[in-house]
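Notes follow once the structure below has been shown.
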Amino acid sequence: MRLRIFIIDDEESIRFTFKWHLESKGHEVIVAEDPLGCDVYHGCDCQKDDVCGDLYLVDYQMPTMNGLDFFEMIHERGCKTNPANKYIMSGNVTTIDMERVEKICCKVLQKPIRLKELDEIVEGLLKKINPERELTPLSVMREKAERYKTKKI
């Protein structure tokens with residue numbers, strides 16, 4: 001089964017190492033350097049009843065917004081992805097407010113993250129995800145994001 005995985009990290013080497021590794025295993029990987037790449041960030045609610053992705057790996061410390069703030073925001077806007085499949089990655093997990101993490105039920109990973117650790121997360125997820133699930137088509141997500149960007153506010 002093929003997973004759709006979002007990787008949001010301002011470190012290009014992390015984004016593209018994970019992307020290369022996960023795509024080599026047959027998964028669909030979408031990368032962005034910050035949450036601004038997500039249409040939900042721009043004020044859109046999550047789309048339809050479908051899940052947009054199976055797994056999120058989001059850096060904690062980014063220039064525009066931290067990963068925990070991003071997860072809280074998409075949670076409030078109706079994100080359908082299972083919170084247990086959302087991971088905050090950080091080089092210093094002691095700076096993360098774990099009460100907030102527990103409130104939205106996401107998980108935290110200490111950087112550096114080994115590819116073997118990434119594989120274990122993906123393999124565990126493959127055992128839990130229904131292969132018949134429906135994911136929002138990327139074309140729909142990209143069209144909606146583009147429409148939002150061109151709106152006059």
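The values are calculated or read from the model by the stated rules, or taken from the named source; none is laboratory data. Everything numeric in this text was worked out from a predicted model, so none of it was measured. Note: ideal-geometry Cβ built from the backbone for every residue, glycine included; neighbour counts use all protein chains shown.
Does Gly91 satisfy the criteria of being within 18 Å of Gln61 (Cβ to Cβ) and of a type in the set (Gly, Ala, Ser)? Spelling it out, Gly91 is indeed within 18 Å of Gln61 (Cβ to Cβ) and of a type in the set (Gly, Ala, Ser). With respect to (1) over 20 Å from Val58 (Cβ atoms); (2) assigned to a helix (DSSP H, G or I); (3) at pLDDT 80 or above, the lone exception for Ser139 is condition (3).
Could you identify the single residue in Cys52, Cys79, Cys44, Cys38 that is at pLDDT below 90, among the hydrophobic types (A, V, I, L, M, F, W, C) and in contact with a Ser or Thr (Cβ under 6 Å, 6 or more places away or on another chain)?
Numbers: Cys79 fails: in contact with a Ser or Thr (Cβ under 6 Å, 6 or more places away or on another chain); Cys44 fails: in contact with a Ser or Thr (Cβ under 6 Å, 6 or more places away or on another chain); Cys38 fails: in contact with a Ser or Thr (Cβ under 6 Å, 6 or more places away or on another chain).
From the options Cys52, Cys79, Cys44, Cys38, the qualifying one is Cys52.
Assessment of the range 62-74 against the conditions (part of a helix (DSSP H, G or I), under 25 Å from Ile129 (Cα atoms) and modelled with pLDDT under 90) yields at least one matching residue.
Within the range 10-29, being in contact (Cβ under 8 Å) with a residue 12 or more places away in the chain and more than 17 Å from Arg114 (Cβ to Cβ) holds for Asp10, Glu12, Gly26, His27, Glu28, Val29. Within the range 86-124, the set of residues being touching a helix residue (DSSP H, G or I) at 6+ places or on another chain (Cβ under 6 Å), closer than 20 Å to Leu22 by Cα, of a type outside the set (Lys, Arg) and surrounded by 15 or more Cβ atoms within 10 Å (Cβ to Cβ) comprises Ile88, Val108.
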